[in-house]
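As structure tokens, the structure follows; a few thoughts come after it.
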Amino acid sequence: MKPIEIIGVDVSYGAKKILEEISFHVDKGEILGIIGPNGSGKTTLLRAMSRVVARDRGEILLDSHDLDTLGHRELARRVAVVPQDISIGFDYTVRDVVMMGRHPHIGRLASETARDVEICERAMRLANVAHLAGASVHDISGGERQRVLIARALAQEPEILLLDEATSNLDVSHQVEILNIIRDLAGGIAVVSVFHDLNLAAYYCDRLLLLKDRKVYATGAPADVLTCENIREIFGMETLVRPHPLTGRPYVLPVYTKTTGAGVNRRVHLVCGGGTGSDILYLLRAAGFTVTCGVLNVLDTDYGTAVHLGIPVVAEPPFHGITTASLAAVREWLDRADAIVVTAMPIGPGNLDNIRVLLDYPEKPLFLYSGNGSVRMEDCTGGEADKVLAEIEARGAVRVGGAEVLITLLSQQQIGRE
């Protein structure tokens, strides 16, 4: 069921085109997040959906009915808007403001009924402001005032709830509180919200709509829209985009800007495993290095990350040692590498050859890396791995505890190819 559908919408302010050929839909029970850089038309799109601004062309349908065919009261009964902020000039109580949401349902000369009061009380409870009912809206905090505006919108009993960065001026605890309220309510209505924070959008939204240069650039599940490539193209920044360990949804971390492009024309071979290499694989790729890695088990998290990033990787099946063919493939990459990085991974009989082969490359710059500052590896070989690592370190391997330091060392001229 599509409570709202936008088809080929254009919007202009005077001679300036703000939105062009915008098409999408929102299902009942869904939260759709609108993201994009400043000036991409996010707020204008919400204003068009609430008929605050006129569109040049295209259709906006509510349950298959054109938005323009609805009277103002009918529109207000079906669509509620929560703005980013609002100035309330009069000294209304919280209950008064919430009751304003019932005005579209109350006759012009009629008074509020017991049912109207009941709906407002319920809306205040849902928005966690019932205890403030008698307080002046001038005497409550910004976060509390935003919850009052949400309660007012809920009192309208809308089919569509539009939020224009309704939490962006609040501290993180109030942002989460309000978005949790909205998510709990989304089962019965369609929610469209403009987001500034990409991680909040990824966590709370079922789908995202990414705008660029007045048009829809991408739409889909958060994992499909929030990619390193899309963020680089739209926002002009390098990021790490990883699945959250608890939710599986993507979360976005900016990459140090001074490392971006540091690895152009430099090759790095990464020896990793057990998930210890995933973050550095993202960082190396974002910094522009040509990266190879392996040998890895095909069930290893690092293998999945390398495949996802399109990084060449030598792999073996589960419970399978490193074959001669795999080791030969790794040697080819080691021959061409400008530097080698070994993460603080667990080492057992099955992957011991990954570090033993490094003894054949004493002239290669080699870094023992751990993102948490510790480079001690778990030796599950009865001491053999520790012996190999001790010899590698005796030959000049450098211990590195931080990603930024590692990227800087890898990008230094003396390890680059002449």
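The values are calculated or read from the model by the stated rules, or taken from the named source; none is laboratory data. Just so it is clear, the structure is predicted and the values come from calculations on it, not from any experiment. Counting neighbours? That spans all protein chains shown, and the Cβs are built from the backbone with ideal geometry, glycine included. Heads up: the accessible areas ignore ligands, DNA and RNA and are worked out on the full protein's heavy atoms, side chains in. Shrake-Rupley method; radii C 1.70, N 1.55, O 1.52, S 1.80 Å.
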- What value does region 106-241 have for Rg/Rh, both radii from Cα atoms and Rh as Kirkwood defines it? 1.06
- chymotrypsin sites (Phe, Trp or Tyr not before Pro) within region 269-378: DSSP coil, no more than 10 neighbouring Cβ in 10 Å: Phe319
- Task: On each of the three principal axes of the Cα atoms of region 128-197, give max minus min coordinate, whole Å, ordered largest first.
- Result: 31, 27, 17
- Query: What net charge is computed for the residues neighbouring Ala325, neighbours being all others with C-beta under 14 Å from the C-beta of Ala325, Lys and Arg scored +1, Asp and Glu -1?
  - Reply: -2
- Item | Rh by Kirkwood over Cα pairs, then Stokes-Einstein D for region 270-399 at 1.567 mPa s and 4 °C, µm²/s | 89 µm²/s
- Task: Taking the Cα atoms of region 296-349, report the difference between the largest and smallest coordinate on each principal axis, in whole Å and largest first.
- Result: 30, 26, 21
- Query: Which whole-angstrom value gives the distance between the alpha carbon centres of region 34-109 and region 378-412?
  - Reply: 60 Å
- Each label point is 7 Å from the Cα along the Cα-to-Cβ direction; what then is the distance between the points at Thr227 and Arg115, in nm? 5.0 nm
- Note on the structure: For the chain, the Cα gyration tensor yields equivalent-ellipsoid semi-axes (√(5λ), largest first, whole Å) of 56, 22, 18
- For the chain: lysine pairs under 15 Å (alpha-carbon distance), excluding those fewer than 8 apart on one chain: 7
- Query: Which value, in Å to one decimal place, does the Kirkwood hydrodynamic radius take for region 343-413 when every pair of different Cα atoms is included?
  - Reply: 12.7 Å
- Note on the structure: With a 1.4 angstrom probe the carbon and sulfur portion of accessible area for the chain, in percent, totals 50 percent
- Radius 15 Å from Cβ of Gly248, net charge of other residues (Lys, Arg +1; Asp, Glu -1): 0
- Any idea what Rg and Dmax come out to for region 153-302 if you just take the C-alpha atoms, in Å? 18.7, 60
- Task: Report ³J(HN,Hα) in whole Hz for each residue of region 140-145, in order, from the Karplus equation J = 6.51 cos²θ - 1.76 cosθ + 1.60 where θ = phi - 60°; Gly and Pro get x.
- Result: 10, 6, x, x, 5, 5
- Where in region 25-46 does the amide nitrogen come within less than 18 Å of the point 7 Å from the Cα of Leu70, taken along Cα to Cβ? 25-32, 44-46
- Task: Could you tell me what fraction of 2.2 N^0.38 Å the Cα radius of gyration of region 1-157 comes to, as a two-decimal ratio?
- Result: 1.15
- Lys, Arg +1 and Asp, Glu -1 on Cβ, resulting dipole of the chain about Cα centre, debye, nearest 20: 680 debye
- Note on the structure: In nm, the gap between the two label points placed 7 Å beyond Cα toward Cβ at Ser23 and Arg399 is 6.1 nm
- Work out, step by step, the length gained on full extension between Arg51 and Leu246: first 0.36 nm times the residue separation, then minus their alpha carbon distance; give nm to one decimal. 66.2 nm
- Query: If each Cα of region 10-86 is one equal point scatterer, what is log10 of I(q)/I(0) from the Debye formula at q = 0.14, 0.19, 0.24, 0.25 Å⁻¹?
  - Reply: -0.50, -0.94, -1.45, -1.52
- Message: Please compute the modelled spin-label separation between Cys380 and Ala15, points set 7 Å along Cα→Cβ, answer in nm with one decimal.
- Response: 7.0 nm
